[in-house]
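Worksheet: one structure, shown below.
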Amino acid sequence: MKRIIIIICLFTISANLFAQDSTENKQSAKEAKASEKRQRIDAMSKQEEEGVLIFRKQNAFGIQLRTRGYGIFYEIGRFKSPRFANLYLIEITETKDIKEEKTQTGNGFVSNSFVYGKINNFYQVKLGFGQQYILGQKGNKNGIAVMGLYQGGLSLGLLRPYYINIQEGGQERSIRYDPDDSSNKFLTAGLISGSSGLGKGWNELEMVPGAFVKTALRFDFGRYNELIQALQIGLSAEAYSKKIEIMAPYDITGKPAVEPKRVFIQGHIAFVFGRRK
């Protein structure tokens, strides 16, 4: 009986000592992790004070003016190294022809405008992938970080017929360009009373597949590293599976007016804003 009691006591003491050691080890591990986390945060804070951009991911929105149009884009960035990030892009743009010129109709009180000779609106929806490389850090909170980036991917061109209103027989009606119309009413300026507006032609969209590449320099002047405030200047090229007709190929006299294009090269300037985490 005494042996059993002694064995139970020894087992209990051993169990308590083991539990105490385990608890101390767990506490030591937690303290080590907490200390490591504090050191990492302190190092990141110090780097931020020195103007170093550090993030795991970023979300950015951009508004851009292009050589021949305008657009918006949304970008998701994923940190790969202190200087490299992968970029995932969705972009919506509109491309105009260099010869587009608005003409006013009517009087000063009631007027409408149209683009003479325009036969299609040309929009693009792009999905792309790329990389961003930090060329130069800010140096301090009020500095400017310089980044280089390149992107490429698929571009879906959307052609929407451009409708105009014409006056004929005392009535107004809406028409689109018809290359088989021998009377060329679409190009007869004296009949045109204005454009038919944005509501026309959406049910007649023509899709044209293509691809794009884009490169740019981005200048981030945001005071706080977690916020993105940047100016972007760059160049892009798009190519499509067929020639894109934006303007009528002939004017009212039958003289060639504009040659359709398959490839579009444009410069752009954009304001970019967003957040880093």
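For the range 54-197, what Kirkwood radius comes out of the mean inverse Cα-Cα distance, in Å?
18.9 Å
Testing the spin-label approximation: label points 7 Å from Cα along Cα→Cβ at residue 98 and residue 204. State their distance in nm.
The two pseudo-label positions are separated by 2.8 nm.
So how much slack lies between residue 76 and residue 56, counting 0.36 nm per residue of separation and subtracting their Cα-Cα distance, in nm? Mind showing how you got there, number by number?
On the way: separation 20, 0.36 × 20 = 7.20 nm, distance 1.10 nm.
Working it through step by step, the gained length comes to 6.1 nm.
Classify the range 175-254 as rounded, prolate or oblate from the Cα gyration tensor: take a ≥ b ≥ c as the square roots of its eigenvalues, call it rounded if a/c is under 1.5, otherwise prolate when a/b beats b/c and oblate if not.
prolate
Cα-Cα over 29 Å: which of 57/96; 126/277; 57/242?
Pairs exceeding the cut-off: 57/96; 57/242.
Between residue 181 and residue 67, what FRET efficiency follows from the Cβ-Cβ distance if R0 is 41 Å, with the result rounded to 0.05?
FRET efficiency, residue 181 to residue 67: 0.80.
Taking the beta-carbon count within 10 Å as an exposure proxy, list 68, 276, 173 from fewest neighbours to most.
By the 10 Å Cβ count, ascending, the order reads 173, 68, 276.
Averaging sequence separations of C-alpha pairs under 8 Å and six or more residues apart, then dividing by the length of the range 51-276, give the relative contact order as a whole percent.
22 percent
What is the distance, in nm, between label points placed 7 Å from the Cα along the Cα-to-Cβ direction at residue 146 and at residue 168?
Here the modelled spin labels are 5.9 nm apart.
Only the coordinates and a few stated rules stand behind these numbers; no lab work does. Since this is a predicted model, take the numbers as computed values, not measurements. So basically every Cβ, Gly included, is an ideal-geometry build from the backbone, and we count neighbours across all protein chains shown.
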